[in-house]
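J.: Mind having a look at this structure? Questions to follow.
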Amino acid sequence: MKKESQIAPSQKIAEKDIVALIREAIVPCYGIKEIANISQTKGKKEEGIKISFHADNTFIIDLYVVVVYGLKITETIRSCQKLVKFILNHYYPKMCRRVNVYAYDLAS
């Protein structure tokens, strides 16, 4: 029986849907303040979510986040990575190859 939340392998994956799932997934992550603004230009906002699509209908996520100061960065990043990967595998089974999470900045 197919779940309603999962898509068929032949359907096109929308980048905006993946970004929305990632935003929702990092909300409960302890120690993650927000998704980083990775723009090098002043005044320009570029969200720290990069998605690389591949020919075999899979994708790789690069996620840049702001981590709260005073917590162990490796544990915070690892738990965020596991949660995002779990959520993406639930909605897009076997399509997410890898989730890379980078601590872009520290916040107090």
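J.: Among what's in segment 63-108 and is of a type in the set (V, I, T) and within 19 Å of D17 (Cβ to Cβ), pick the residue that is farthest from the chain's Cα centre (by Cα).
T.: I87
J.: Now for a separate question. Out of G31, G43, G70, G48, report the one residue that is under 30 Å from S108 (Cα atoms) and modelled with pLDDT under 85.
T.: Just a single option satisfies the conditions, and that option is G43.
J.: If you don't mind, there's one more thing I want to ask. Residues of segment 51-62 being of a type outside the set (F, W, Y), within 14 Å of the chain's Cα centre (by Cα) and surrounded by 14 or more Cβ atoms within 10 Å (Cβ to Cβ), which ones?
T.: Answer for segment 51-62, where residues must be of a type outside the set (F, W, Y), within 14 Å of the chain's Cα centre (by Cα) and surrounded by 14 or more Cβ atoms within 10 Å (Cβ to Cβ): I51, I60, I61, D62.
J.: Something else now. Within segment 12-50, track down each residue that is loosely packed, with under 11 Cβ neighbours inside 10 Å and on the phi > 0 side of the Ramachandran plot.
T.: G43
J.: For segment 18-46, which positions are assigned to a strand (DSSP E or B) and within 14 Å of V101 (Cβ to Cβ)?
T.: Selection gives I32, K33, E34, I35.
J.: Anything in segment 67-108 that is assigned to a strand (DSSP E or B), of a type in the set (A, V, I, L, M) and surrounded by fewer than 17 Cβ atoms within 10 Å (Cβ to Cβ)? List them, or say none.
T.: V68, L106, A107
The values are calculated or read from the model by the stated rules, or taken from the named source; none is laboratory data. This structure is a prediction, so every number in the text was calculated from the model and none was measured. We place every Cβ from the backbone using ideal geometry, glycine too, and count neighbours over all the protein chains shown.
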